[in-house]
Amino acid sequence: MSNGGAQQDDEIPGRGTQPAVTLESSISFIIARRWLTIALSLLFMLALAAGGQYITAVDVDVRNHFGKDDPHIVALEQLEATYALSDAALVAVAPRHGTVFTRETLVAIEDLTEQLWQTPYVTRVDSLSNHSHSEGFEDELVVGSLIDDASSLSDDDIERIRKIALGTEEIAGRLVSRDGRVAGLVVSVALPEDRELGKLEVTEFLIGIAAEAREQHATIDYHLTGELVLNRAMRDAIDDDMAVLAPIALGTMLLVAIILLRSLWGTVAIVLMLVAVILSALGFTGWTGMRLYGESGAALFVLMAVTVAHSVHIIEGMMAGLRQGMDRKQAAIHSLAINVWPVFLTSLTTAIGFLSLNFAEMPPFKVMGNMVAFGALCAFVYSATLLPAFLSIVPVGVRPLRPGTTDFFDFLGRFVISRRVILPWSFGILIVVLIAGVSRIELRENWLELLDESYEFRRSTDFISENFTGVESYEYSLDSGREGGVTDVEFLHQVEAFAQWYRTQPEVAHVFAVSDVMKRLNKNLHGDDPEAYVLPNNSDLAAQYLLLYEFSLPVGRDLNNLINVKRSTTRVTVVLKSLSTDEKIALDDRAQAWFRNNAPDLETGATGVSVVGANSIQRNIEGMLLGTAVAMAIVSLLLLFVFRSLRLGLISLIPNFIPAIMAMGLWGYVVGEVGVAASVVTAIAFGIVVDDTIHFMTKYVRARKNGLLPSESVQSAFRSVGKALFVTTVVFGLGFMVFGASSISTNQALGLLVGMTVILALLVDFLFLPPLLMALDGTKETTKQIRERLKREIEQTEETGVT
């Protein structure tokens, strides 16, 4: 007996003898005309690869990660159109010692404010220095910049500015931290039609300005954050991943193949397959007009692993044939004959599993699913044509097994068979313990935390979040019900009550509303009497105050970002502390409850990128649960047809579904937090781990059809496919673990979760599935019969010296 797919059968599960004859004829035709096969395969690959010219730059825009019909994206775009909001970036100024209320720091803020007005496509700059501060002198309203010529400020002037800044709700927590140690400058831009080029220009300018400021003021730190800056950092991270991780992953896979296959030409064949499959998948993306995203890198990693897995099975089968004394052509035909059906099934089930990603809400995962599905089918086509034809030409050599050596997987099969009773119970306990860890997982998705701490953007964002203000916000657009209604006193009181309620919530860092402006104006026009810091008691008076204030504002400092043009709606901004996804959703739910109980006419949901991100996880999980269920149902029906057995079809589902849940549970114990990757990992893992199950099950079913008992069939499956499954799992596991080193948090979590899943799946296939098959297959064997058979095999091994 020999390993590596040496078993040769006349009939394949799910197929009759006549189709098998046709299959043998087709395989013989492919190998007999191997040069033609190689040429046609390469022409097919080149035709697909030509589509690569239509691939556009990788899309790193955070908002494009959500579907255009996502109701929360639609609401966000409506809000931005209503209040003339645009893309923005935040520059934080943090002196290393003391507060921002020193002459040097205030000069730095004033200078930076002026420089930010030179930003490409700038529309507005908000800072401590140009804040429109208002004061009242008798019945006159005076509006001017809070800081004017900082270099000439006296100590008394600086103290006055400090008291105003920290005592004004519109400034404290928004333009300066409440402890006075960090100041913030917000620059808004209106990007051109070519948004990507505009973003690049803006971020390059901001990075340059920050660098110059650091040189001029060595004792002050400058930090950049915001959606604009994130997009630039994301592009850098993707470039780094592709330049570093992709070669490492490829090198790791090839090294594993070389070590375990011990065949140089086999490794060359794998490289040829990788080139063909990757170019075909990328070309398909270009021909179909799909965009590539940062997460698309995961698709390439999956395709690398799938391609290596298919190749290993074909190469192992050929090497087994060579050990039996066949020539290269006979060995190639032999390998393809015993592997083409399971490789086809695994390609089909992988495609089905990844096509279920189309149930996801986020476009990046849909693109990933379609790329991998098409690439997996291409991998089958090349495995059945290009690979065996190439192997039949090159001088593939094998090392014969040395006398006295025992195959590890033959030993493993005996181990599992001899412990067929204790293994299901002990492994079942492990499964239950790991699955229990799922309850420890907390969903958390923060678009500003997409990168790890190795990037300046993330470090700056964390600094701002910890020392200045929250980096996520909720936006509410409150409708007064009529044109000009924002100055109705009753409406203002409702807005004020809502703002005050939010300020009492522990999850909130800052709240800004039009009622804050109206209270300040009422105070100003009552001689700055602190007792007058209340809303006006007359709607007409409130309208006059607001009109007088707007006439006093300089160009570019109007209130259009707070009140719409018709003066019928106003915006309330709620800045959040660092929250989990569930906490964000729960907070908005409480806000809706407040509206229903206190101002039902104003009830509206929160919007903003934070809302989109929080709800996208929920929507993705719901969509992917449905998608995974559909994929599992289709694969189940397929396996039932293939194995022609309801019992075996149902048994085969267990090792396909359980490993992903076990991996999530282990993640819950070790890490605890996970973002959007959680919504798709089950579907991705299912599309991968089903391959091992199919290879093991097809070999088991073949043996059963040849008249072997369940235990003998398990032993046969271990001998014929055990090594190949081990090699492919190591390739998958190490490849994804390398991807887990990505600096993009989504890819990082995805890589580690899928890597853990495929390793756990192999353990399930080796230690849990075989005992289930022996127990539930329908043919009972006594312990005595199994022991006698194992004893005879051991004695035979000792006599021949070779397994």
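The values are calculated or read from the model by the stated rules, or taken from the named source; none is laboratory data. Quantities reported herein were computed from a predicted structural model and do not represent experimental measurements. Cβ atoms come from the backbone with ideal geometry, glycine included; neighbour counts cover every protein chain shown. These accessible areas exclude ligands, DNA and RNA; they are computed on the full protein's heavy atoms, side chains included. Shrake-Rupley method; radii C 1.70, N 1.55, O 1.52, S 1.80 Å.
Annotations for the structure displayed:
- Label point distance in nm, GLU490-PHE408, each placed 7 Å from Cα along Cα→Cβ: 8.0
- Listed residues SER610, ALA543, ASN522: farthest to the positive end of the dipole of the range 522-620 (Cβ charges): SER610
- Length-normalised contact order of the range 146-236 in % [C-alpha pairs under 8 Å, at least 6 apart]: 15
- Per principal axis, descending, Cα span of the range 160-262 in whole Å: 78, 36, 29
- Over the chain, relative contact order from alpha-carbon pairs under 8 Å, at least 6 apart, %: 21
- Degrees, to the nearest 10: 489-503 long Cα axis against longest axis of the chain: 50
- The mean of 1/r over all distinct Cα pairs in the range 461-524, once inverted, gives the Kirkwood hydrodynamic radius of 13.5 Å.
- When the Cα gyration tensor is reduced to axis lengths a ≥ b ≥ c, the ratio a/c is 1.5 or higher for the range 33-162, and with a/b above b/c it is classed as prolate.
- Cα-centre dipole for the range 217-286 with unit charges at Cβ (Lys and Arg positive, Asp and Glu negative), debye to 20: 400
- Percentage, to the nearest whole number, of Cα pairs in the range 200-338 over 21 Å apart: 61
- Derived value for the chain: Kirkwood hydrodynamic radius 30.0 Å. Basis is the mean of 1/r over every pair of different alpha-carbon atoms.
- Here, the range 551-650 is characterised by an Rg to Rh ratio of 1.32, where Rg is the alpha-carbon radius of gyration and Rh the Kirkwood radius.
- Label-to-label distance for ASP528 and THR219 is 2.9 nm, based on points extended 7 Å past Cα in the beta-carbon direction.
- Residue-span extension gain [ILE429 to LEU43] - 0.36 nm each, minus C-alpha spacing: 133.7 nm
- Dipole size of the chain about its Cα centre, with +1 on Lys/Arg Cβ and -1 on Asp/Glu Cβ: approximately 5840 debye, rounded to the nearest 20.
- Highest-first arrangement of 700-710, 259-269, where packing means the average Cβ count within 10 Å: 700-710, 259-269
- Once the C-beta distance of LEU535 and GLU507 is scaled by a Förster radius of 25 Å, the resulting FRET efficiency is 0.45 to the nearest 0.05.
- Here the range 331-382 is described by how far its Cα atoms reach on the three principal axes: 46, 14, 8 Å, from widest to narrowest.
- For the range 219-244 versus the range 542-577, the gap between their alpha-carbon centres in whole angstrom: 33
- Convex hull of alpha carbon positions in the range 101-175: directionally averaged projected area 5.8 nm².
- Coarse-grained scattering of the range 425-489 at q = 0.13 Å⁻¹, given as base-10 log I(q)/I(0) from a Debye sum over alpha-carbon atoms: -0.71
- Each of SER711, ILE164, GLY251 was placed along the dipole of the chain (beta-carbon charges, centred on the mean Cα), and the one lying farthest toward the positive end is SER711.
- Among residues other than SER154 with Cβ under 10 Å from its Cβ, the summed charge is -2 (Lys and Arg +1, Asp and Glu -1).
- Ranking ILE238, VAL268, GLY294 by how far each Cα lies toward the positive end of the dipole of the range 223-303 (charges on Cβ) leaves VAL268 at the top.
- With the simple model of a label 7 Å out from the Cα in the direction of the Cβ, ASN560 to ASP148 spans 2.6 nm.
- The range 584-629 has equivalent-ellipsoid semi-axes of 28, 11, 8 Å, by the square roots of 5 times the alpha carbon gyration tensor eigenvalues, sorted largest first.
- Structure note, pairs LYS523/LYS566; LYS366/LYS723; LYS163/LYS584: Cα-Cα distances above 31 angstrom occur for LYS366/LYS723; LYS163/LYS584.
- Taken over the alpha carbons of the range 617-750 as equal point scatterers, the Debye sum produces base-10 log I(q)/I(0) values at 0.19 Å⁻¹ of -1.15.
- Cross-link partners for LYS699 among the aspartates and glutamates, with Cα-Cα distance under 16 Å and sequence neighbours closer than 8 places in the same chain left out: ASP9, ASP10, GLU11, GLU316, ASP410, ASP691, GLU712, ASP765, ASP777.
- Computed E for ILE55/ARG459 - FRET, C-beta separation, R0 41 angstrom, nearest 0.05: 0.80
- Area accessible to solvent at MET326, 1.4 Å probe radius, in Å²: 40
- Sites ILE654 and ARG440, calculated FRET efficiency, Cβ-Cβ separation with R0 25 Å, nearest 0.05: 0.60
- The magnitude of the dipole of the range 514-630, with charges of +1 and -1 set on the Cβ of Lys/Arg and Asp/Glu and taken from the Cα centre, is near 220 debye.
- Largest-first ellipsoid semi-axes for the range 458-580, taking √(5λ) over the Cα gyration tensor eigenvalues, angstrom: 28, 16, 15
- Annotation: peptides 724-736, 502-514, ranked by per-residue average of other Cβ atoms within 10 Å with the highest first, follow the order 724-736, 502-514.
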